[in-house]
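Handing you this structure, nothing more for now.
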Amino acid sequence: PLFCQDLGLDLDIKDIKEDPETVKDFPLSKGPALKMASGFKLTETIAIVQYLTAFANSKLSGSSIEEKAFIALWCSFIISDVSTSGYAYLFHSKTEEDKKSNLDKFVFYANYMDQHLKETNFLTGEEYRSCDVFAAHNMKYFLGVTGLTAKYENISRWLNEMKEVSPAIKNLATA
C-alpha cells in the first residue's frame, strides 16, 4: 500500500485476482488483502492501515487512544463518504441528475474537510498520521479529476504540506 513508504515497509504486492496462491488465501477475492510471513491474514483497508502502522511501531498510528480513534474516524470517513461519492460521480452515475447529486455529496464532504483543516495542520492535529496519507491520496485524485482543487484553500495547503512530510505523497506528486 501507498503508506508503506512512510512506514519503511517493503511489501510484495500482488493482484489478488491474478495470483492463484493469493486466491487460495483469500477465497472472497476481496482486496486489499494482507498476508504476513507469520501466516497472519487480514482484509479491509482500515484494518490493514491500523495493523501495519502498529506493526511498524510507527508514530503514524497515533499516540493516545483518542488519537487512534480519530485516525479510524478519518479513514472511515474517506472510504465511506468521500471515496463512495467520488467514485459514484465518476463511474456509477446513470443520469445527469445522479452525477450532479454525487458531485454535490462529494463537495459537501470536501467542504467539511476544508473547514476542519482550517483549525489544524493535519487531520488529527499538528503531526501527520496514517489517515493523512490515506486521505491525501484520495483527495488529490478526486479533486484533480473534478477540477475542484483550487476551491479548497485548506485542503490545498494540507496537500502541499503532505508532499513535504510524507514520502508516499511526495512520490505520488512526482508520478
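Among residues belonging to the range 147-168 that are part of a helix (DSSP H, G or I) and in contact (Cβ under 8 Å) with a residue 60 or more places away in the chain, point out the one that is surrounded by the fewest Cβ atoms within 10 Å (Cβ to Cβ). Reasoning before the result, please.
Step one: filter the range 147-168 for residues part of a helix (DSSP H, G or I), giving 149-151, 153-165, 167-168.
Those still in the list that are in contact (Cβ under 8 Å) with a residue 60 or more places away in the chain too: 167-168.
Working: Pro167: 16, Ala168: 20.
Filtering first and then ranking leaves Pro167.
Ala88 passes all but one of (1) among the aliphatic types (A, V, I, L, M); (2) free of Cβ contacts under 8 Å to residues at least 40 places away in the same chain; (3) surrounded by fewer than 17 Cβ atoms within 10 Å (Cβ to Cβ); which number fails?
With respect to (1) among the aliphatic types (A, V, I, L, M); (2) free of Cβ contacts under 8 Å to residues at least 40 places away in the same chain; (3) surrounded by fewer than 17 Cβ atoms within 10 Å (Cβ to Cβ), Ala88 is out only on (3).
Okay, next question. Do we find that Ile71 is in contact with a Cys (Cβ under 8 Å, 6 or more places away or on another chain) and either aliphatic (A, V, I, L, M) or open to solvent by less than 40 Å² (accessible area, probe 1.4 Å) (or both) in this structure?
Values: in contact with a Cys (Cβ under 8 Å, 6 or more places away or on another chain): yes; either aliphatic (A, V, I, L, M) or open to solvent by less than 40 Å² (accessible area, probe 1.4 Å) (or both): yes.
For Ile71, the condition - in contact with a Cys (Cβ under 8 Å, 6 or more places away or on another chain) and either aliphatic (A, V, I, L, M) or open to solvent by less than 40 Å² (accessible area, probe 1.4 Å) (or both) - is met.
Looking at Ser76, Ser63, can you tell me which residue is among the polar types (S, T, N, Q) and either in contact (Cβ under 8 Å) with a residue 24 or more places away in the chain or under 25 Å from Gly147 (Cα atoms) (or both)? Can you show your working first?
Values: Ser63 fails: either in contact (Cβ under 8 Å) with a residue 24 or more places away in the chain or under 25 Å from Gly147 (Cα atoms) (or both).
Checking each option against the conditions leaves just Ser76.
Filter the range 130-145 down to the residues that are over 11 Å from the mean Cα position of the chain (by Cα) and open to solvent by less than 30 Å² (accessible area, probe 1.4 Å) and list them by number.
Within the range 130-145, the first condition is being over 11 Å from the mean Cα position of the chain (by Cα), and the residues that meet it are 142-145.
Across the range 130-145, the qualifying residues are Phe142, Leu143.
Another question about this same structure. Say whether the condition of being surrounded by fewer than 16 Cβ atoms within 10 Å (Cβ to Cβ), at positive phi and under 20 Å from the mean Cα position of the chain (by Cα) is met by at least one residue in the range 44-51.
yes
Can you confirm whether Ile65 is aliphatic (A, V, I, L, M), open to solvent by less than 30 Å² (accessible area, probe 1.4 Å) and at negative phi? Give the derivation first.
Details: aliphatic (A, V, I, L, M): yes; open to solvent by less than 30 Å² (accessible area, probe 1.4 Å): no; at negative phi: yes.
Spelling it out, it is not the case that Ile65 is aliphatic (A, V, I, L, M), open to solvent by less than 30 Å² (accessible area, probe 1.4 Å) and at negative phi.
Scan the range 102-131 and report the pairs whose first residue is free of Cβ contacts under 8 Å to residues at least 40 places away in the same chain and whose second residue is among the hydroxyl-bearing types (Ser, Thr, Tyr) and surrounded by fewer than 18 Cβ atoms within 10 Å (Cβ to Cβ), with Cβ atoms within less than 6 Å and a gap of 6+ or a chain change.
Filtered contacts from the range 102-131: Asn102/Ser93.
Could you check how many residues of the range 18-43 are farther than 24 Å from Ser80 by Cβ and either out of contact with any Lys or Arg (no Cβ under 8 Å at 6 or more places or on another chain) or open to solvent by less than 60 Å² (accessible area, probe 1.4 Å) (or both)?
Applying the first criterion (farther than 24 Å from Ser80 by Cβ) to the range 18-43 yields 18-25, 27, 35-40.
The next check asks that each one be either out of contact with any Lys or Arg (no Cβ under 8 Å at 6 or more places or on another chain) or open to solvent by less than 60 Å² (accessible area, probe 1.4 Å) (or both); those that pass are 18-25, 27, 36-40.
Here the count works out to 14.
Lys140: assigned to a helix (DSSP H, G or I) and modelled with pLDDT of 95 or more, yes or no? Please lay out each step first, then the result.
Working: assigned to a helix (DSSP H, G or I): yes; modelled with pLDDT of 95 or more: no.
Taking the combined requirement at face value, the residue does not satisfy it.
Pick from Gln115, Gln5: which is open to solvent by 80 Å² or more (accessible area, probe 1.4 Å), of a type outside the set (Lys, Arg) and touching a helix residue (DSSP H, G or I) at 6+ places or on another chain (Cβ under 6 Å)?
Details: Gln115 fails: touching a helix residue (DSSP H, G or I) at 6+ places or on another chain (Cβ under 6 Å).
One residue alone meets the criteria, Gln5.
The values are calculated or read from the model by the stated rules, or taken from the named source; none is laboratory data. Quick caveat: nothing in here was measured; it's all calculated off a predicted structure. Positions of Cβ are backbone-derived with ideal geometry, glycine not excepted, and every protein chain shown enters the neighbour counts. In case anyone asks, the SASA skips ligands and DNA or RNA and just uses the protein heavy atoms, side chains included. Shrake-Rupley method; radii C 1.70, N 1.55, O 1.52, S 1.80 Å.
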